[in-house]
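Notes follow once the structure below has been shown.
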Amino acid sequence: MRSIQVEDVASTEWGGAVALEPRFAPMIERLERLAADSPRAHGYRVLAAGMLGYAVLAGILLLFLGLVIGIVVFLVLHPGAAAGGIKLLIPIGTVALSLILALRVEWPQPDGIAIGEAEAPSLHRSVSALRTATKGPRIHEVRITGEMNAAIAQYPRLLFLPSRNILFLGLPLLQALAPREVEAVVAHEMGHFAGAHGRTASFIYHVRMRWSQLGERFSRGIVAGGLRRFFRWYGPWFAAYSFVLARRQEYAADALAARIVGSATMGNALIRIAYQSARWHEGWSIIWKQAVERPDPPSSPYCLLGEVVSAEPDETASQVLARALARQRDLDDTHPSLSQRLAALDVVPELPPPFAEPAAALLLGSALTTIVGRLDAEWHNTADESWAEEFGCRQELLAERQALEDRAGAEGLDYEGQHRLAQLVEVIDGPQQGATAFATVLERFPDAHFSRFRQGDALLDAGDEAGVASLLEAARSEPGLLTAALDRIVRYGYASGREQLIETFEPQLDAAIAAEQEARWRSSTIDESIALRALEAEKQDELIQLTASVAGVKWLLAGVRDLANGQQIVFVFATQRNFTGTEVLDALIDAMLPAGDLIGIQHCNKRRWLTKRLRQLTTGVIRA
């Protein structure tokens, strides 16, 4: 049976990083077993996977370079054909040049504040000692950033010169950990390079970057179409193989660091990072919440947050740690879960003891004040405008709420006005008040399913599990809300540590997502069994008006088919000369979107059967 599979509109992001979907979990488990049995063999498999990607790119590049050379030789031998040859040479040469440029990885400039040995001798002595102990790479430069993180990056230099290695240390990390725990983190990062992990990580990075740059430079055209089809298979496949390798390397780096500083210290570093990161992000959240109340931002946020993360662990830290330990590994992060990493280190998962002084003071010394001042200044340079916008938006929201409240008192509000007022109450006064406001909307409009959904969402934001019932009721009334409702409940379950909610609703969420994917596949596939019917006369007139100004259309036919989630307009078109099918299809979809769900197909001989079916419909002709 003949069928047509319609792809999504081309995206400039098609070659980017691939997020592994749940359906790849069995493949990951199988690869992990193979890697456990033979780590070296799995490393070779990742190398082979990367080389396959390079081989495809090299083959295409050689093909186009060969065509360029062939055309040039032909023009030399047949100068009389110069006009036609040049017309052919320009597009082929452009593709070849673009491929060459895309295969050149562009490294971003390193961020952070460079700090020399004279400025922080204690830090550099510690890094040097760790390099000797781990047999890690030479560190050419140390930079302090504003992130709760640490990393070593290798920046390539000219020709065959060794890479320049830069150690990035986040000031928040130095403020949040004890000195020995920072050494554990640095030893872990060096461990990636001591075991040749760095070369592998650099290889994987280069493969991904080259495909990403190809996606940016080849968003349309025949070459893009072929590469996109290959990457649809290759991207997840390569991501799965490299994912397993990256996860094993995390265990190996932990083990090396534990040999240097001790398992207990390495475990304490992991635990403290878990709850200190939550403190750090919560601190920034509190700071940005002030943007709606005051027109000027705080003068020194890094100093304020440094005091927050250097405080002793409290009950909140225990709760954050409990949630982190309960969180299972997933396909969104190459790092194993905290509980897995602690188990591998044979460390009891408990809060570490308080430290006398944070590492920032001991390792940075007198340079700490200068670094804090520079990071604060950099933050103000980037945040002042956003802060002012936040404050201005809040004033506009307050004015809008006041206007709606005045209208409600004078003449009453329709549903849209009442719902908007409840939204404003939630944004301005918080989720608990927002839930109450949405309850007021539902008293007047009990069938307002979206308001009921928003009420449930607000209740969960306020920590009230009654929101689960509201979300499910909204989804029962409006099936289109089901996936969003289940996703919100599961996220609440993970955030609050409600295992029962996770066990009950996560399988339902997986099933709902699978059903949506199946529905999307059905809505993008047409075969000869399709049941098409004629457009209503009013819909035909609407489409004629909507498409009247679209250029490049030779003729346009349309009909309707029924899907499980509603009707879909099916249209086939042919293009005029000097117009490509892609640009005409994009223009038609943009023009016809107000008419409803669409699937558009360019006519060709293989699709003649569909064109014939549409021509037989009484109201099928939109453009003759």
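The values are calculated or read from the model by the stated rules, or taken from the named source; none is laboratory data. This structure is a prediction, so every number in the text was calculated from the model and none was measured. Reconstructed Cβ throughout: ideal geometry from the backbone, glycine too, with neighbour counts over all protein chains shown. Heads up: the accessible areas ignore ligands, DNA and RNA and are worked out on the full protein's heavy atoms, side chains in. Shrake-Rupley method; radii C 1.70, N 1.55, O 1.52, S 1.80 Å.
Taking only the stretch 497-545 into account, find how many residues are more than 21 Å from the chain's Cα centre (by Cα), touching a residue at least 40 places away in the same chain (Cβ under 8 Å) and within 22 Å of residue 472 (Cα to Cα). Looking only at that region, the number is 3. Check the stretch 72-82 and report whether any residue there is closer than 20 Å to residue 212 by Cα, at pLDDT below 80 and open to solvent by less than 70 Å² (accessible area, probe 1.4 Å). No, the stretch 72-82 contains no residue that is closer than 20 Å to residue 212 by Cα, at pLDDT below 80 and open to solvent by less than 70 Å² (accessible area, probe 1.4 Å). Among 454, 407, which is the only one that is surrounded by 16 or more Cβ atoms within 10 Å (Cβ to Cβ), assigned to a helix (DSSP H, G or I) and either touching a Pro at 6+ places or on another chain (Cβ under 7 Å) or basic (Lys, Arg) (or both)? Result of the check over 454, 407: 454. Out of curiosity, is residue 585 free of Cβ contacts under 8 Å to residues at least 12 places away in the same chain, under 26 Å from residue 521 (Cβ atoms), assigned to a helix (DSSP H, G or I) and under 34 Å from the mean Cα position of the chain (by Cα)? So residue 585 fails the test.
In the set 363, 321, 331, 325, only one residue is modelled with pLDDT of 90 or more and either in contact with a helix residue (DSSP H, G or I) (Cβ under 7 Å, 6 or more places away or on another chain) or over 30 Å from residue 248 (Cβ atoms) (or both); that residue is 363.
Could you please tell me which pairs satisfy a Cβ distance under 8 Å, a separation of 6+ or placement on different chains, a first residue in the stretch 602-624 that is within 13 Å of residue 574 (Cα to Cα), and a second residue that is among the hydroxyl-bearing types (Ser, Thr, Tyr) and not in a helix (DSSP H, G or I)? The qualifying pairs are 602/575. Residues in the stretch 274-323 that are assigned to a loop (DSSP other than H, G, I, E, B) and touching a Pro at 6+ places or on another chain (Cβ under 6 Å): 2 in all. I'm trying to understand the selection: among the residues of the stretch 117-165, which are open to solvent by 30 Å² or more (accessible area, probe 1.4 Å) and small (Gly, Ala, Ser)? Those that are open to solvent by 30 Å² or more (accessible area, probe 1.4 Å) and small (Gly, Ala, Ser): 118, 122, 128, 129, 133, 151, 163. Exactly one of these conditions fails for residue 202: (1) modelled with pLDDT under 75; (2) open to solvent by less than 10 Å² (accessible area, probe 1.4 Å); (3) touching a Pro at 6+ places or on another chain (Cβ under 9 Å). Give me its number. Among (1) modelled with pLDDT under 75; (2) open to solvent by less than 10 Å² (accessible area, probe 1.4 Å); (3) touching a Pro at 6+ places or on another chain (Cβ under 9 Å), residue 202 violates only (2). Regarding residue 454, is this residue modelled with pLDDT of 95 or more and more than 17 Å from residue 501 (Cβ to Cβ)? It is true that residue 454 is modelled with pLDDT of 95 or more and more than 17 Å from residue 501 (Cβ to Cβ). Looking across the stretch 562-583, the residues that are closer than 21 Å to residue 609 by Cα and aliphatic (A, V, I, L, M) come down to 563, 569, 570, 572, 574. In the stretch 96-113, the condition of being part of a helix (DSSP H, G or I), farther than 20 Å from residue 226 by Cβ and open to solvent by less than 40 Å² (accessible area, probe 1.4 Å) is met by no residue.
In the stretch 546-563, the residue that is least open to solvent (accessible area, probe 1.4 Å) out of those that are aliphatic (A, V, I, L, M), assigned to a strand (DSSP E or B) and free of Cβ contacts under 8 Å to residues at least 60 places away in the same chain is 560.
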